[in-house]
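Undergrad: Dropping a structure here in structure tokens format, bear with me for questions.
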Amino acid sequence: MQVSSLNEVKIYSLSAGRSLPEWLSDRKKRALQKKDVDIRRRIELIQDFEMPTVSTKIKVSRDGQYIMAVGTYKPRIRCFDTYQLSQKFERCLDSEVVTFEILSDDYSKIVFLQCDRFVEFHSQHGHYYRTRIPKFGRDFSYHYPSCDLYFVASSSEVYRLNLEQGRFLNSLQTEASENNVCDINPTHFLFAAGTAEGKVECWDPRTRNRVGLLDCALSTVTADTEIDGLPSISALKFNGALNMAVGTSTGQVLLYDLRSSNPLIVKDHQYGLPIKSIQFQHQLDLIISADSRIIKMWNKDTGKIFTSMEPEHDINDVCLYPNSGMLMTANEAPKMNIYYMPVLGPAPKWCSFLDNLTEELEENPESTVYDDYKFVTRKDLENLGLAHLIGSSLLRAYMHGFFMDIRLYHKAKMMANPFAYEEYRREKIRQKIEETRAQRVQLKKLPKVNKELALKLIEEEEEQQATRKRKQKNLPSLLKDDRFKVMFENPDFQVDEQSEEFRLLNPLVSKISEKRKKKLKILEEKEAQEQEEEEEPEGKPSDAESSESSDDEKGWVEEVRKQRKLLRQEEKVKRQERFKEDQQTLLKPQFFEIKEGEEFRSFKDSAKKQKLMKKTLGDRLKLEEKLGTLSVSDTTVGSKQATFKLKKSEQQKKQQEAEKQHRQERKTLRRSAGHLKSKRGRGQPFH
């Protein structure tokens with residue numbers, strides 16, 4: 001049994017541990033239990049509570065005695081008797097089960113909706129009847145007052161099958177292209193169907209009329225959510241007479257009051273996976289919503305997270321045992337998980353020993369599930385050479401990193417750095433030696449980064465202490481201030497002495513810093529001697545005084561000129577390199593597209609147009625007047641009148657010339673025809 005804690009909520013995984021194969025004999029099982037401690041300590045609450053390959057749906061009968069689960073492969077149903085803590089019966093089916101419903105208080109009446117459009121009825125003895133619906137079914141609900149089964153399928157119709165009359169009734173016609181889920185309110189028996197378009201249609205079974213329509217897809221879009229496509233309805237559950245929870249295919253859960261079209265709370269799972277199951281926990285006013293990766297429990301009034309669980313395998317269905325703190329899941333694995341949370345409620349009466357067991361565990365706390373794991377970030381995995389394990393079962397994603405087995409972490413660390421223990425031992429010895437030397441004469445130890453700046457600050461501090469009066473308070477040093485500690489530890493803050501700013505400023509302080517550099521060399525030599533020798537040399541180091549005279553302004557000016565000359569030479573070399581690169585590059589010709597209706601003459605015309613556009617309006621008017629396209633005349637009132645003549649394009653000119661030539665040809669034809677008529681009237685013969 002594994003124990004995990006999130007938000008101070010203890011979660012006991014009762015199905016944790018290895019399961020023994022079915023084909024093992026009882027003698028071998030007992031032998032394994034004697035040898036293996038994990039097998040001996042595991043809790044098998046219900047014997048063989050598993051499926052051959054995958055479990056898809058799990059439900060509890062209304063009397064709480066029987067737990068039924070369907071799965072593959074081959075398609076089958078298994079019924080477990082909680083009073084006997086073992087399997088009651090197992091029945092194989094012809095095809096996989098989409099969903100099923102227990103109509104009676106016990107296992108005597110069960111209805112299965114299968115993936116090949118068949119609806120199969122089972123009684124206490126086994127198979128009873130089988131019928132077929134027109135479309136592939138996705139979900140169904142049972143209406144107790146009228147004994148009707150409502151089937152939603154991959155069509156716009158909701159099929160009704162009356163179990164009292166034994167025949168199909170007129171179906172309900174919805175506005176959706178497909179219906180995914182449905183549910184019936186247990187108080188006033190309102191029927192609701194979730195559509196593929198992200199809407200919920202509510203129908204009154206008494207009048208068979210639609211009484212409401214909710215657009216849930218529009219309500220899922222908030223400022224914090226990112227949605228790729230249109231969210232469809234994937235889960236639906238009523239709570240009491242007025243509340244309804246809706247799950248979408250994009251990972252949101254919406255809580256509605258039936259009297260309002262706006263949701264009370266929109267909860268996002270942050271995974272983008274379809275919501276597969278929604279349950280209500282009435283004792284603590286919690287909503288239990290699950291997608292294929294995580295089960296979240298949150299308060300229905302505030303939306304605050306109560307706790308969450310991430311099973312090892314993908315989740316297919318979640319079932320909350322009524323009036324208890326037990327939770328069961330059907331997942332993509334043979335074993336079906338059982339969780340017990342004492343905060344949600346007591347253990348069921350058929351396993352009341354769990355309360356005593358958990359109380360003993362709380363009195364004697366043991367290691368939780370996270371004590372055997374190590375939290376590592378992505379950078380740690382790259383340092384260990386385990387980045388290729390991301391996405392595998394050896395790493396469990398959590399927040400900004402991953403959980404991995406502590407044994408694997410220690411092995412990888414030993415392989416990545418086999419001398420880690422030697423380094424740790426050497427560091428401890430060095431610390432012990434430094435502690436023993438604390439009372440001896442200490443040399444000035446400078447940081448690894450910005451040593452010259454640190455030495456300058458030390459000298460300035462000594463000068464201030466020498467000149468400061470006794471009554472004045474000591475000012476804090478930059479070397480001891482935590483705010484500036486990174487400047488002397490991180491190499492990114494190292495002063496770049498090759499930069500242009502530093503080189504131009506350096507001549508002004510170079511003469512001053514020469515004395516400091518020599519002092520720095522002396523200190524470095526003494527530090528090297530201290531590392532070589534185990535004992536510190538006797539006597540105090542004498543300060544080396546420079547024999548140079550005071551700084552001269554003429555030397556400063558020469559240094560500045562020298563640096564400027566070097567900078568100009570470097571810029572000249574860079575320009576020459578860029579010029580060579582430009583010469584080596586080949587220029588490709590550029591192509592331009594001419595608009596329709598225009599003719600290309602030459603580049604000179606475009607240059608003339610650009611020059612003309614740069615001229616002022618007065619200059620352009622004078623030019624137009626010279627060309628004859630503009631005439632300016634004075635009017636009688638005293639103002640001026642300007643007349644413009646539109647320029648004709650070459651195409652228009654050619655067209656006008658063709659029309660003029662055509663008119664001349666017609667005139668000549670008319671004259672020749674008139675001449676022939678006059679000759680005929682005179683009786684002259686034709687030549």
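The values are calculated or read from the model by the stated rules, or taken from the named source; none is laboratory data. Everything quoted here is computed from the prediction, not taken from an experiment. We place every Cβ from the backbone using ideal geometry, glycine too, and count neighbours over all the protein chains shown. Keep in mind that these areas ignore ligands, DNA and RNA; they rest on the heavy atoms of the full protein, side chains included. Shrake-Rupley method; radii C 1.70, N 1.55, O 1.52, S 1.80 Å.
Undergrad: Could you say which residue among Asn316, Asn383, Asn337, Asn331 is in contact (Cβ under 8 Å) with a residue 24 or more places away in the chain, polar (S, T, N, Q) and open to solvent by less than 10 Å² (accessible area, probe 1.4 Å)?
TA: None of the other options fit; the residue is Asn331.
Undergrad: In segment 100-150, how many residues are part of a strand (DSSP E or B), among the β-branched types (Val, Ile, Thr) and over 21 Å from Lys59 (Cα atoms)?
TA: Initially, segment 100-150 is screened for residues part of a strand (DSSP E or B), giving 100-102, 110-114, 118-122, 127-132, 137-143, 148-150.
With the extra rule that they be among the β-branched types (Val, Ile, Thr), the set shrinks to 102, 110-111, 119, 131.
Now narrow it down to the ones that are over 21 Å from Lys59 (Cα atoms): 131.
Total satisfying the criteria: 1.
Undergrad: Right, another one. Look at Tyr150 and say whether it is of a type in the set (Phe, Trp, Tyr), in contact (Cβ under 8 Å) with a residue 24 or more places away in the chain and in contact with a His (Cβ under 7 Å, 6 or more places away or on another chain).
TA: yes
Undergrad: Examine segment 203-218 for a residue that is over 30 Å from Cys79 (Cα atoms), open to solvent by 30 Å² or more (accessible area, probe 1.4 Å), charged (D, E, K, R) and not in a strand (DSSP E or B), and state whether such a residue exists.
TA: yes
Undergrad: Within segment 170-191, how many residues are assigned to a loop (DSSP other than H, G, I, E, B) and acidic (Asp, Glu)?
TA: Number satisfying all stated conditions: 2.
Undergrad: Just for segment 422-460: of the residues that are of a type in the set (Asp, Glu) and under 22 Å from Asn490 (Cβ atoms), which one is modelled with the highest pLDDT? Don't jump to the end; show me each part of the working.
TA: Of all residues in segment 422-460, those of a type in the set (Asp, Glu) come to 422-423, 427, 434-435, 452, 459-460.
Add one more test, that the residue is under 22 Å from Asn490 (Cβ atoms), and what stays is 423, 427, 452.
On the way: Glu423: 79, Glu427: 83, Glu452: 76.
Once the filter is applied, the top-ranked residue is Glu427.
Undergrad: Quick check: anything in segment 290-313 of a type in the set (D, E, K, R), on the phi > 0 side of the Ramachandran plot, open to solvent by 30 Å² or more (accessible area, probe 1.4 Å) and out of contact with any helix residue (DSSP H, G or I) (no Cβ under 6 Å at 6 or more places or on another chain)?
TA: Within segment 290-313, none of the residues are of a type in the set (D, E, K, R), on the phi > 0 side of the Ramachandran plot, open to solvent by 30 Å² or more (accessible area, probe 1.4 Å) and out of contact with any helix residue (DSSP H, G or I) (no Cβ under 6 Å at 6 or more places or on another chain).
Undergrad: So which of Lys267, Lys276 is assigned by the TED database to the domain that holds Ser141, open to solvent by 10 Å² or more (accessible area, probe 1.4 Å) and under 18 Å from Val221 (Cβ atoms)?
TA: None of the other options fit; the residue is Lys267.
Undergrad: So which residues in segment 60-99 are assigned to a loop (DSSP other than H, G, I, E, B), surrounded by 18 or more Cβ atoms within 10 Å (Cβ to Cβ) and among the hydroxyl-bearing types (Ser, Thr, Tyr)?
TA: Ser61, Thr82
Undergrad: Let me ask you something else. Can you pull out every residue in segment 382-394 that is within 18 Å of the chain's Cα centre (by Cα) and closer than 19 Å to Lys413 by Cα?
TA: Hit for segment 382-394 is Ile390, nothing else.
Undergrad: Residue pairs, Cβ under 7 Å, 6 or more apart or interchain, first in segment 232-249 and on the phi > 0 side of the Ramachandran plot, second assigned to a strand (DSSP E or B) and among the hydroxyl-bearing types (Ser, Thr, Tyr). List them.
TA: none
Undergrad: Could you say whether any residue in segment 177-189 is among the polar types (S, T, N, Q), without any contact (Cβ under 8 Å) to a residue 40 or more places away in the chain and surrounded by fewer than 21 Cβ atoms within 10 Å (Cβ to Cβ)? I'd like the intermediate steps shown before the answer.
TA: Of the residues in segment 177-189, the ones among the polar types (S, T, N, Q) are 177, 179-180, 185, 187.
Now drop any that are not without any contact (Cβ under 8 Å) to a residue 40 or more places away in the chain, which leaves 177.
Subset that is surrounded by fewer than 21 Cβ atoms within 10 Å (Cβ to Cβ): 177.
There is at least one residue in segment 177-189 that is among the polar types (S, T, N, Q), without any contact (Cβ under 8 Å) to a residue 40 or more places away in the chain and surrounded by fewer than 21 Cβ atoms within 10 Å (Cβ to Cβ).
Undergrad: Working carefully through the options Arg160, Arg130, Arg117, Arg138, find the one that is free of Cβ contacts under 8 Å to residues at least 60 places away in the same chain and in contact with a Lys or Arg (Cβ under 7 Å, 6 or more places away or on another chain).
TA: Arg117
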